[in-house]
Amino acid sequence: MSISKDLCRADRFFVINGNLPVNLHHRSEIDFTICGLMLRSHQRYTSVKGINMSVEKELLARSESKCELCGAEDSLGIYEVAPSNGSAEQSVLICETCRGQIENPDTVDANHWRCLNDAMWSQVPAVQVMAWRMLTRLRSEGWPQDLLDMMYLEDEVRSWAESGSASDEEKIIHRDSNGAVLEAGDTVTLTKDLDVKGSSITAKRGTAVRNIRLVQDNAEQIEGRVDGQLIVILTKFVKK
């Protein structure tokens with residue numbers, strides 16, 4: 001039975017790259033089996049490590065060695081944008097500050113995320129998704145909503161952004177004034193006149209709002225266009 005060149009004889013031990021020695025004093029079939037399993041495991045680890053290094057190299061080149069969200073140059077690492085297959089196209093390169101606030105919402109510093117005023121215009125879909133998710137999370141601050149109003153995402157990218165914003169257990173259900181469940185893309189009708197904040201426009205009762213969007217973190221709000229302007233509408237003022 002032949003052993004890979006990755007294994008080297010050292011007295012009565014075979015060693016895989018200097019790690020995890022296997023005692024082959026009797027060189028039994030069991031010993032060789034264990035050694036083979038260890039080698040295959042090592043090869044899989046090396047393969048995964050190689051893939052990660054390749055992704056990191058691609059992200060460093062794409063980002064010019066800067067955080068793709070805030071522009072920081074230190075403590076950079078790969079962040080997979082869920083749902084992700086682990087590729088560079090579905091990952092971003094971010095700093096520890098951004099990662100910490102993304103993964104721990106209680107530590108979020110809203111002012112740090114003013115950097116998204118630049119990041120939201122990235123041509124990289126994964127960066128666009130992360131910018132949209134963070135702006136949506138912070139929309140109650142006011143200025144993030146203004147940026148969201150200006151932000152445009154292709155339908156496929158929008159679906160990606162929305163798909164990772166809540167788990168099935170936390171899924172928010174939007175209902176109209178009659179209790180009917182609302183879904184993205186529905187057409188609804190306004191049940192009363194609504195003044196549009198920051199505009200002289202009044203959305204009249206009976207106006208049809210087509211292709212609505214659901215506000216992911218608020219069951220009482222949807223988005224839709226009235227006279228070409230994207231506005232936030234309370235669900236209690238619409239019917240399906």
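The values are calculated or read from the model by the stated rules, or taken from the named source; none is laboratory data. It should be emphasised that the depicted structure is a prediction, and the values quoted were computed from it without experimental measurement. Positions of Cβ are backbone-derived with ideal geometry, glycine not excepted, and every protein chain shown enters the neighbour counts.
Quick grid of which residues meet (1) touching a helix residue (DSSP H, G or I) at 6+ places or on another chain (Cβ under 7 Å); (2) outside the structural domain of residue 181 (by TED's automatic domain parsing); (3) touching a residue at least 40 places away in the same chain (Cβ under 8 Å); (4) surrounded by 17 or more Cβ atoms within 10 Å (Cβ to Cβ):
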{"residue": "195", "(1), (2), (3), (4)": "no, no, no, no"}
{"residue": "208", "(1), (2), (3), (4)": "no, no, no, no"}
{"residue": "211", "(1), (2), (3), (4)": "no, no, no, no"}
{"residue": "214", "(1), (2), (3), (4)": "no, no, yes, yes"}
{"residue": "225", "(1), (2), (3), (4)": "no, no, no, no"}
{"residue": "239", "(1), (2), (3), (4)": "no, no, yes, no"}
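Can you find a residue in segment 158-180 that is surrounded by 13 or more Cβ atoms within 10 Å (Cβ to Cβ), part of a helix (DSSP H, G or I), among the aliphatic types (A, V, I, L, M) and modelled with pLDDT under 95? Checked segment 158-180: at least one residue is surrounded by 13 or more Cβ atoms within 10 Å (Cβ to Cβ), part of a helix (DSSP H, G or I), among the aliphatic types (A, V, I, L, M) and modelled with pLDDT under 95.
Among the residues of segment 106-127, the ones that are under 18 Å from residue 143 (Cβ atoms), out of contact with any Pro (no Cβ under 9 Å at 6 or more places or on another chain) and either of a type outside the set (D, E, K, R) or touching a residue at least 40 places away in the same chain (Cβ under 8 Å) (or both) come to 9 in all. Can you tell me which residue is nearest to the chain's Cα centre (by Cα) among those in segment 92-116 that are aliphatic (A, V, I, L, M) and assigned to a helix (DSSP H, G or I)? Ranking the qualifying residues of segment 92-116, first place goes to 102.
Evaluate the following for residue 187: is it of a type in the set (Ser, Thr, Tyr), surrounded by 15 or more Cβ atoms within 10 Å (Cβ to Cβ) and either touching a residue at least 40 places away in the same chain (Cβ under 8 Å) or more than 24 Å from residue 106 (Cα to Cα) (or both)? Against the criterion (of a type in the set (Ser, Thr, Tyr), surrounded by 15 or more Cβ atoms within 10 Å (Cβ to Cβ) and either touching a residue at least 40 places away in the same chain (Cβ under 8 Å) or more than 24 Å from residue 106 (Cα to Cα) (or both)), residue 187 does not qualify. Residues in segment 50-106 that are on the phi > 0 side of the Ramachandran plot and not charged (D, E, K, R): 65, 71, 75, 86. Looking only at residues in segment 56-89 that are within 19 Å of residue 136 (Cβ to Cβ) and not acidic (Asp, Glu), the one that is surrounded by the fewest Cβ atoms within 10 Å (Cβ to Cβ) is 83. Count of segment 217-229 residues, restricted to those that are over 15 Å from residue 136 (Cα atoms) and of a type in the set (A, V, I, L, M), is 1. Among the residues here, residue 186 does not qualify as in contact with a Ser or Thr (Cβ under 9 Å, 6 or more places away or on another chain), of a type outside the set (A, V, I, L, M, F, W, C) and outside any strand (DSSP E or B). Of the residues making up segment 136-157, those that are farther than 18 Å from residue 184 by Cβ and either in contact (Cβ under 8 Å) with a residue 60 or more places away in the chain or in a helix (DSSP H, G or I) (or both) are 137, 140, 141, 143, 144, 145, 146, 147, 150. Selection of segment 117-135 for residues being closer than 15 Å to residue 79 by Cβ, out of contact with any strand residue (DSSP E or B) (no Cβ under 8 Å at 6 or more places or on another chain) and part of a loop (DSSP other than H, G, I, E, B) yields only 122. Restricting 190, 194, 234 to those that are closer than 30 Å to residue 103 by Cα and among the aliphatic types (A, V, I, L, M) reduces the list to 234.
Scanning segment 204-226 for residues that are of a type in the set (A, V, I, L, M) and in a strand (DSSP E or B) yields a count of 5.
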